[in-house]
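Some notes on the structure that comes next.
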Amino acid sequence: ELKVEQNPLFLSMQEGKNYTIYCNYSTTSDRLYWYRQDPGKSLESLFVLLSNGAVKQEGRLMASLDTKARLSTLHITAAVHDLSATYFCAVDISHQGAQKLVFGQGTRLTINP
Amino acid sequence: KAGVTQTPRYLIKTRGQQVTLSCSPISGHRSVSWYQQTPGQGLQFLFEYFSETQRNKGNFPGRFSGRQFSNSRSEMNVSTLELGDSALYLCASSAWGVVGEQYFGPGTRLTVT
């Protein structure tokens, strides 16, 4: 059974600092996505990573994918309070068009002034 | 373009009752997936429909069922509700042949008492 593990699960950091969230998964896949969820809200797509070595950046967030290591990272640079949210990685194991995502447990990120 | 819509947004039911949730995908999207989110189990895949056919199913009991209509709108039904069915139910839609772009709706918050 596919396992997707994020760490850390909880992260409290100060504004201005850098940190990385890790997402490890246990099966072959070259498609991985990152989502953000604010309390009581739905999932907002952040990054779509579709191949080994893919790197995407948006503002203070950068995501990368290493399919050989089955590892994706979400790096936060110079954190600001607005980035406080829960971040999920999701491995796409869709087969022959039938869609299916397996999510990590989520990383609850709190950024303190 | 309007996003994914889900109705109702909030629902309170009693154990033993049944419930039907509705999801309208983005116009032109023919794939609809359903996910359950709970604090204990996280985000779990329920099922996916495409052109009125269920193409993929997660590990949920038969009390959970769904269907899709010819206009791509989807419903999921949970019969004989249990306390553990209290969750946020999210649906996501995607266009055929487009990898990686799943758009999530706002969710239906179901509380079973």
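The values are calculated or read from the model by the stated rules, or taken from the named source; none is laboratory data. All figures in this text were calculated on a predicted structure; none of them were measured in a lab. Cβ sites come from the backbone with ideal geometry, for glycine too, and all protein chains shown count toward neighbours. Note: accessible area is taken over every heavy atom of the protein model, side chains too, but ligands, DNA and RNA are not part of it. Shrake-Rupley method; radii C 1.70, N 1.55, O 1.52, S 1.80 Å.
Loop-located trypsin sites (Lys or Arg not before Pro) across the stretch A:44-113 with a Cβ neighbour count of 14 or fewer within 10 Å are A:ARG60, A:LYS68, with loop assigned by DSSP. Entry for the protein assembly as shown at q = 0.07 Å⁻¹: log10 I(q)/I(0) = -0.22, Debye formula applied to identical alpha-carbon scatterers, no solvent contribution. Among the listed pairs A:LYS3/A:LYS41; A:LYS41/B:LYS13; A:LYS17/A:LYS56; A:LYS41/A:LYS100; A:LYS17/A:LYS41, those with a Cα-Cα distance over 23 Å are A:LYS3/A:LYS41; A:LYS17/A:LYS41. Computed 3J(HN,Hα) for the stretch A:8-21, one whole-Hz value per residue from the Karplus formula 6.51 cos²θ - 1.76 cosθ + 1.60 where θ = phi - 60°, is x, 8, 10, 9, 10, 9, 8, 4, x, 8, 10, 7, 10, 9, glycine and proline marked x. Charge tally for B:THR113 (other residues, Cβ to Cβ under 10 Å; Lys, Arg +1; Asp, Glu -1): +2.
Across chain B the C-alpha pair distances fall into 10 Å bins from zero in the proportions 16, 50, 29, 5, 0 percent. A run of chain A free of exposed loop cleavage sites, with GluC sites (Glu not before Pro) counted only in DSSP states other than H, G, I, E and B and at most 16 other beta carbons within 10 Å, reaches its longest extent at A:16-113. Solvent exposure of the stretch A:1-78, expressed per residue, is 55 Å² of accessible area, with all protein chains present and a 1.4 angstrom probe. Comparing the full protein assembly with the isolated chain, the residues of the stretch A:69-109 losing at least 30 square angstrom of accessible surface (1.4 Å probe) are A:ALA98, A:GLN99, A:LYS100, A:LEU101, A:PHE103. Computed over protein heavy atoms with a 1.4 Å probe, the carbon and sulfur contribution to the accessible area of chain B reaches 49%. Atom-type composition of the exposed protein surface of chain A places 48 percent of the accessible area on carbon and sulfur (1.4 angstrom probe).
Reported to the nearest whole Å, the Cα centre-to-centre distance from the stretch B:33-75 to the stretch A:1-68 is 24. Association of chains A and B removes close to 1600 square angstrom of accessible area from solvent, both sides included, for a probe radius of 1.4 Å.
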